[in-house]
Amino acid sequence: MDIFANIMIGLDTAISPVNLLYCFIGVFLGTFFGVLPGIGSLAAISMVLPVTFYLEPTTALVMLGGVYYGAEYGGSTASILLNLPGTPSNAVTCIDGYPMAQKGKAGLALFMTTIASYVGGTLGIIALFVLSPIIVAWALVFGPAEYFAIMILGLVAAATVTQDSPAKGLAMVCLGLLLGCTGMDLETGVPRFEYEFIELYEGFSFITIAMGLFGVSEIIFSVKTAVGRTFDQAVTFKSMLPSRDELRRSIAPMLRGAGVGGFFGALPGTGPSIATFVGYAIEKRVSDRPEEFGKGAIEGIMSPESANNAAVQTAFIPTLTLGIPGSASMAVMMGALMIHGISPGPQLMVERPDIFWGVAMSFWIGNIFLLVLNIPLIGFWIRILKVPYHLLYPAVIVLICVGVYSFRTSGFDIAMVLLFGMLGFVLRSLKFEMAPLLIGFILGPMVEENLRRAMLIFRGDFWAMVERPISGTLLFLTLILLLYTTYQIFFPKKKIVAGDSAQ
Amino acid sequence: MKRSFALSNDMVASFLILAISLFYFIGSHEYDMGSVRHMGPGYLPRAYAIVGLILSVLIFVSSIRKGDRVSLSLDLSYVRAFSMIVIAISAFALIIPVAGLIPAAFVTVVIASLGSNKFHFKTALGLAIIISVLIWLLFSVLLGLPMPGLKGL
């Protein structure tokens, strides 16, 4: 467990000129899409994805990672200036960020959230470095039974933990698993649910699903809702600097936020959004002046932003070490790796330490880029916010089309994007969430493979799986989660928004 | 508001899940089930479909229990954005194999722009020219992807 040796391996890969360049392009594009309201980190990753097919797998992951955390960084800008969250996980930042801007403290809020993001991100990366080898050592002895159990737990958690309607979340996981069945059966080679299309012999292309569900359907919704709001407040460098008192009040919330974020990010199914809510709620509870929250308390932006970016980094832990994506963004990352022929899992760190540690190290370099990119360029990002959405979305539509088409020069794939875009629109209209669907789709083939292998080993005896200590515990946890969820479905609580406990 | 038998979001949602699950349940009979010990290609799809059927019932029951709290939020004001974006993407798929990247991007931008109620003909035209040229420069020239700007002329 030589952390420093790992850091050196990682640094060696991460500071190669090519990786540095793509890391920079990644964080720049990420921040750009993150700043724009209505385009989340997921849509941003999906759009950049096709470009990365022409890169080395490591470089591709470095760039996509950059887009992801860049978008989460940039998302706070629109929250603070326009009261519109740039990405869903920045919604909490609106509560205190927008009042700060109205008080003329926009510069300060933007500066301090950048610092909070950097600190949260860095602490998350440290957790990634320390915890990953431990988890990998543990996971190397996993057999098919353990994998099946942990995937089922991940799927159920993704569907139920963050949902207000757990049954609908589970239904989306189910739909994802069913869509994942399309294509050749792994063992017998029989094509399933391919509807006589040769293009579907290898299953639905993961890119078309991600772009359709997250790109196209999201745009259809935001064309109408993104009303042009403008912001006119000069942000000078001097207005960004905090007073000594503001600095003092920021440090503890920032560290607490990183802790909360790191914890929730690493859990399967939770992710940044819930981390920001919990971080905010904690600050409001421990503060000796809770009445200031909602009116521009600096603690109310520091903790959620730090939590957000810590969670973004620790979300890579289960994805890279176990091959279990905890969130939709991580599912896209994993899909990208698999397209490059790399399957994430405990073997990745053992066999390709250069990829694993190189990517992890590049995250930290990317965070430094963001710090230097964001503080001098705040004025630039503000100007981007002034581009009206009705000039922007046609360009995004074309980018999606070109990206998908370039993947294998196929009009069929564009038709699929359209299909999934329409499906996504219908599902979103009915208040379904898309993330569990995508996670189910990505994990589906692996769930099937591991279950079938496990049943062969245990001669069809499901109890043998329950009797093994690790898989048994994981299945037991899943059962508890399911029972709790069923209870919630039949005895729903009055609607409580996670962060508004004190209202 | 209305107490009676109004269609709620969740009720429609449960019908949708029911339909999809039934579709897969029936479809799975085409493939060999196998046994628990030796699962065939049809085993898991059918299992998932059954779970889906159970969930659709759960969603339906809870939608009735929720009663009048949520009504169907079918919003007709999205029709314009929805249809224009669908047409724009279809146009791209149809034009690019025949005429190349620049015309495809141009037409797509113009049609997609029609989806917003802030549509202005000259602005959309200008935008389409700029974007189609930029896209061509970026993808065909700079990245060297096999997509000619103009084809068949």
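Just so it is clear, none of the values below were taken in a lab; they were calculated from the coordinates. Model, not experiment: these values are computed from the prediction. Glycine gets a Cβ as well: all are built from the backbone with ideal geometry, and neighbour counts include every protein chain shown.
For this structure, a couple of remarks:
- Neighbouring Cβ atoms from other chains, within 10 Å of the Cβ of residues in A:43-54, number 1 on average.
- In chain A, the longest principal axis of the Cα atoms and the axis of helix A:3-14 are about 80 degrees apart.
- Averaged over the residues of A:438-447, the number of partner chain Cβ atoms lying within 10 Å of the residue Cβ comes to 1.
- Amide H to amide H, with H built 1.01 Å from N, A:Arg192 comes under 5 Å of A:Gly183, A:Met184, A:Asp185, counting only residues 5 or more places away or on other chains.
- Against chain A, whose longest principal axis is taken from its Cα atoms, helix A:272-286 shows a tilt of about 50°.
- Charge dipole (chain A, unit charges on Cβ, about Cα centre) - positive-most of A:Pro85, A:Leu61, A:Gly176: A:Pro85
- The local environment of A:Pro50, defined by Cβ-Cβ distances under 13 Å, has a net charge of 0 under the rule Lys, Arg +1 and Asp, Glu -1.
- Net charge in the neighbourhood of A:Ala360 (other residues with Cβ under 13 Å of its Cβ; Lys, Arg +1, Asp, Glu -1) is -1.
- Using alpha-carbon coordinates, inclination of helix A:244-266 to the longest axis of chain A, degrees: 10 degrees
- Note: relative contact order over chain A, using C-alpha pairs below 8 Å and six or more positions apart, is 27 percent.
- Relative contact order of segment A:102-200, pairs being alpha-carbon contacts under 8 Å that are 6 or more residues apart, as %: 10 percent
- Per-residue mean of foreign Cβ neighbours for A:381-394 is 4 (Cβ atoms of other chains, 10 Å radius).
- In sequence order, calculated HN-Hα J values of segment B:95-111 (Karplus, 6.51, -1.76, 1.60; Hz; x Gly/Pro): 7, 4, x, 8, 10, x, 5, 4, x, 4, 5, 4, 4, 4, 4, 4, 5
- CD proxy at 222 nm, helix term only [per DSSP H run n ≥ 4: -39500 (n - 2.57); per residue of the protein assembly as shown; nearest 500]: -23500 deg cm²/dmol
- Space enclosed by the convex hull of the alpha-carbon atoms of chain A, per residue, Å³: 147 Å³
- For segment A:75-81, the Karplus equation 6.51 cos²θ - 1.76 cosθ + 1.60, evaluated at θ = phi - 60°, returns couplings of x, 6, 4, 5, 4, 6, 7 Hz by residue, with Gly and Pro reported as x.
- Mean separation of Cα pairs under 8 Å and 6 or more residues apart, divided by the residue count, gives segment A:350-503 a relative contact order of 5 percent.
- Nitroxide proxy distance, nm - points 7 Å out along Cα→Cβ at A:Val18 and B:Ile129: 3.9 nm
- Neighbours of A:Ser16 by Cβ distance under 12 Å: Lys/Arg scored +1, Asp/Glu scored -1, total -3.
- Integer Hz, Karplus 6.51/-1.76/1.60 couplings in order for segment B:32-46, x for Gly and Pro: 5, 6, x, 10, 4, 5, 10, 5, x, x, x, 5, 5, x, 5
- For segment B:9-69, fraction of C-alpha pairs farther apart than 17 Å, in %: 46 percent
- Lysine pairs meeting the criterion (Cα under 14 Å, 8 or more apart or interchain), as found in chain A: 5
- Amide H within-cut-off set for B:Met39, under 5 Å, with H built and near neighbours excluded: none
- Considered as an equivalent ellipsoid built on the Cα gyration tensor, chain B has semi-axes of 44, 29, 10 Å, the largest given first.
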